[in-house]
Amino acid sequence: MENLFIAATPSTPEVDFRFDQHTLSLKGESYPENATSFYGGVLERVRQYLAGCTGTEIRINVSLAYFNSSSTKLLFSMFDAFNQAALAGNEVSLNWFHDEDDETLFEFGQEIHQDYPALRFTDVPVNTD
């Protein structure tokens, strides 16, 4: 499967999905005008990739400084797809990067950890000073 790279804009994150290396990264901010339009194709590619994974070690790196509620809904859809892949026998690690002082992002990560227990979740506080 061909890798997927979408450069960041002021309102959308960088998407760097290296399917050939089983490393998928989201970085930046996410408040697109139309979240479904932005994430729809990304989510479809993720589902196609995961359909071909069997016993695969998959690493997901998420470093979002901000995301709006419409992005949240689609991110949960993506995390659900990763969780299903883990339940199907893949080893899926989710590294959740956030500013160490950002309580909201920390708590969101904890919610992901609770809602998607098949993911091997790692909280990664980052000092931005």
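List pairs: first residue in region 53-67 and under 21 Å from E103 (Cα atoms), second residue among the hydroxyl-bearing types (S, T, Y) and open to solvent by 60 Å² or more (accessible area, probe 1.4 Å) anywhere in the structure, Cβ distance under 7 angstrom, at least six positions apart or on different chains.
From residues that are under 21 Å from E103 (Cα atoms), the pairs are Y66/Y31; F67/Y31.
Which residues, counting only those in region 1-36, are in a helix (DSSP H, G or I) and either of a type in the set (F, W, Y) or within 13 Å of L75 (Cα to Cα) (or both)?
Scanning region 1-36 gives F19, A35, T36.
Mind telling me which of the residues S71, S63 ends up being of a type in the set (G, A, S) and surrounded by fewer than 19 Cβ atoms within 10 Å (Cβ to Cβ)?
S63
Out of the residues in region 97-118 that are at pLDDT below 95 and in a loop (DSSP other than H, G, I, E, B), which is most open to solvent (accessible area, probe 1.4 Å)?
D101
Looking at the structure I just gave you, is E57 more than 21 Å from T9 (Cα to Cα), exposed (fewer than 15 other Cβ atoms within 10 Å of the Cβ) and in contact with an Asp or Glu (Cβ under 7 Å, 6 or more places away or on another chain)?
On the way: more than 21 Å from T9 (Cα to Cα): yes; exposed (fewer than 15 other Cβ atoms within 10 Å of the Cβ): yes; in contact with an Asp or Glu (Cβ under 7 Å, 6 or more places away or on another chain): yes.
It is true that E57 is more than 21 Å from T9 (Cα to Cα), exposed (fewer than 15 other Cβ atoms within 10 Å of the Cβ) and in contact with an Asp or Glu (Cβ under 7 Å, 6 or more places away or on another chain).
Give all pairs with beta carbons closer than 8 Å in which a residue from region 11-29 that is open to solvent by less than 20 Å² (accessible area, probe 1.4 Å) meets a residue that is assigned to a helix (DSSP H, G or I) and of a type in the set (S, T, Y); count only pairs at least 6 apart in sequence or on separate chains.
As it stands, the answer is F17/Y49; F19/Y49, since those pairs meet every condition given.
So which residues in region 73-97 are closer than 15 Å to T56 by Cβ and of a type in the set (S, T, N, Q), if there are any at all?
Once the filter is applied, which keeps residues that are closer than 15 Å to T56 by Cβ and of a type in the set (S, T, N, Q), region 73-97 yields N83, Q84, N90, S93.
Testing L94 on (1) assigned to a helix (DSSP H, G or I); (2) within 13 Å of the chain's Cα centre (by Cα); (3) modelled with pLDDT of 95 or more; (4) farther than 18 Å from A8 by Cα, one condition comes back false. Which one is that?
(1)
Residue check: is L50 assigned to a helix (DSSP H, G or I), closer than 18 Å to E2 by Cβ and in contact with a helix residue (DSSP H, G or I) (Cβ under 6 Å, 6 or more places away or on another chain)? Show your work before the answer.
Numbers: assigned to a helix (DSSP H, G or I): yes; closer than 18 Å to E2 by Cβ: yes; in contact with a helix residue (DSSP H, G or I) (Cβ under 6 Å, 6 or more places away or on another chain): yes.
Against the criterion (assigned to a helix (DSSP H, G or I), closer than 18 Å to E2 by Cβ and in contact with a helix residue (DSSP H, G or I) (Cβ under 6 Å, 6 or more places away or on another chain)), L50 qualifies.
The values are calculated or read from the model by the stated rules, or taken from the named source; none is laboratory data. Note that the structure is a prediction, hence the values are computed from the model and not measured. Don't worry about glycine lacking a Cβ; one is built from the backbone with ideal geometry, like all the others, and counts go over all protein chains shown. What goes into the accessible areas is simple: the full protein's heavy atoms, side chains included, and nothing from ligands, DNA or RNA. Shrake-Rupley method; radii C 1.70, N 1.55, O 1.52, S 1.80 Å.
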